[in-house]
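S.K.: One structure coming up, written as structure tokens, with questions to follow.
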Amino acid sequence: MIIVLKPDISKKEEKAVLTEIRKLGYKPHIMRGVERTVIGAIGDERKNHTLESLASWSQVEQVMPVQKRYKLVSREAHRSSSTVKVLDQVLGGRKFHVMAGPCSVEGEAQLMKTAEAVKAAGATILRGGAFKPRTSPYEFQGLGEKALKLLAKARKETGLGIITELLSEGHAEMVAEYADILQIGTRNAQNFQLLIAAARTGKPVMLKRGLSMKIEEWLLAGEYILANENPNLLFCERGIRTFETYTRNTLDLSAVPIIKNESHCPVVVDPSQGVGRADLVTAVCKGAVAMGADALLIEVHPNPAEAWSDGAQQLTLDGFSRLMEELKPFVAAAGREF
Ligand code: PEP
Ligand code: MN
């Protein structure tokens, strides 16, 4: 059930509602919007008392059921779009964000050079894989904590926030110590224990869409983050597995307006894993902006031909800066600021 509070009520009145929700056997989740505070009350409605009685309370505007299987990520629960704060940046607001950096952190020179170049071109978040989910056990698995330390150094030097993948529950605390956003990769999108561990670090979580995940499953996976007391969730479309072979995956841009309709959480598009080809990245980024994405996640490498992972899809530093220039009119046409 969703309980919409009246604007301008006191903290004491709000607390009384929360106490009553708990008393009736539900767990309250507070969502604060610009104009309204909304409480998602989660519990088994067959087992617990009805919350309808709250509708008569003077501080309550409305009590309504959420019809969808996902509750807290749903736009029914939170009509205005939510934003996610990362250092001094706000994702999901008017400003359009670009997260960029190498697929994998390979060493200090590679990372610092990329970090400085993407910052100069206008990126606001630095990406870089420290723990890599590789299809083959014989491929480069990432530099691990050494890469995390380099990412932290790059943040110190550039001021860019850091996004990096969390691959296993056992690493949650360590990765959260260095990262500003935890990326959950496509292969782990329904690893529910990992999602819970990520949520509990309190860091913003970016949930990639699973390789063959339906949108409802993706939204329900996102629900695990909010249901574990972490309101800072970003969804990331990164392509799904189809029969097509001209691209590495099939980037489902229609998922962007669907998620924006269904959920209040910001949406990111990853064109790099999405198409797997550097020559297509610019076109797809323009499409993502037009479809209403809030941010992009783009792989950039000083020398893609020698990259230790995903060489074919990484942009050069110059290529990235050209892309950022080309995106400007599209970002403006979408009513966003760079
Ligand atoms: C990546 O971002 O480098 C990555 C491994 O992503 P995905 O989980 O989408 O394959
Ligand atoms: Mn990659």
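S.K.: Where only protein heavy atoms count, and the probe is 1.4 Å, what is the accessible area per residue for the chain in Å²?
M.R.: Dividing the accessible area of the chain by its residue count gives 44 Å².
S.K.: Rounded to the nearest percent, how much of the accessible area of the chain (1.4 Å probe, protein heavy atoms only) is carbon and sulfur?
M.R.: C and S atoms contribute 52 percent here.
S.K.: Given labels modelled 7 Å from the Cα in the Cβ direction, how far is it in nm from K214 to T247?
M.R.: Label-label distance for K214 and T247, simple model: 2.2 nm.
S.K.: While we're looking at this one, here's another question. Taking H as built 1.01 Å from N, whose amide H comes closer than 5 Å to the amide H of T83, not counting residues under 5 places away?
M.R.: HN-HN under 5 Å from T83: empty list.
S.K.: Moving on. Normalising by the residue count of segment 84-333, find the relative contact order in percent from Cα pairs under 8 Å and 6+ residues apart.
M.R.: About 19 percent, as a whole number.
S.K.: Let me ask something else about it. Could you identify which residue out of D270, D88, D180 has the top mean-square fluctuation in a GNM of the chain using Cα springs shorter than 10 Å?
M.R.: With Cα springs under 10 Å in the chain, the top fluctuation among D270, D88, D180 is at D88.
S.K.: A further question follows. What residues qualify as long-range amide H neighbours of I240, i.e. H under 5 Å apart, gap of 5 or more or another chain, H built at 1.01 Å from N?
M.R.: Under 5 Å from the amide H of I240: T250, L251, D252.
S.K.: Then there is this: Counting C-alpha atoms alone, how compact is segment 147-300: give Rg to one decimal and Dmax as a whole number, in angstrom.
M.R.: 15.1, 44
S.K.: For segment 2-64, what is the per residue volume of the convex hull drawn over the alpha-carbon atoms, in cubic angstrom?
M.R.: Expressed per residue, the convex hull around the Cα atoms of segment 2-64 is 69 Å³.
S.K.: Quick one: what are the phi-derived ³J(HN,Hα) couplings along segment 294-300, Karplus 6.51/-1.76/1.60 with θ = phi - 60°, whole Hz, x for glycine and proline?
M.R.: Here the 3J(HN,Hα) series is 9, 6, 10, 10, 10, 8, 9 Hz.
S.K.: Over the chain, with a Gaussian network built from C-alpha contacts below 10 Å, which listed residue (E169, E229, E52) shows the highest mean-square fluctuation?
M.R.: With Cα springs under 10 Å in the chain, the top fluctuation among E169, E229, E52 is at E52.
S.K.: Take the chain, compute every pairwise Cα distance, and split them into 20 Å bins from 0; I just need the percent in each bin.
M.R.: Reading the bins upward from 0: 32, 54, 14, 0.
S.K.: Over the Cα atoms of segment 1-145, what radius of gyration and what Dmax do you get, in Å?
M.R.: In order Rg, Dmax, the Cα atoms of segment 1-145 give 22.3, 64 Å.
S.K.: Now for a separate question. Taking H as built 1.01 Å from N, whose amide H comes closer than 5 Å to the amide H of I42, not counting residues under 5 places away?
M.R.: K27, H29
S.K.: Which distance in nm do the two modelled labels at S56 and F140 give, with both placed 7 Å along the Cα-to-Cβ direction?
M.R.: With each label placed 7 Å out from Cα toward Cβ, I get 6.7 nm.
The values are calculated or read from the model by the stated rules, or taken from the named source; none is laboratory data. Predicted, not measured: the structure shown is a model, and the values here were computed from it. Using ideal geometry, Cβ is built from the backbone for each residue, glycine included, and neighbour counts are taken over all protein chains shown. Note: accessible area is taken over every heavy atom of the protein model, side chains too, but ligands, DNA and RNA are not part of it. Shrake-Rupley method; radii C 1.70, N 1.55, O 1.52, S 1.80 Å.
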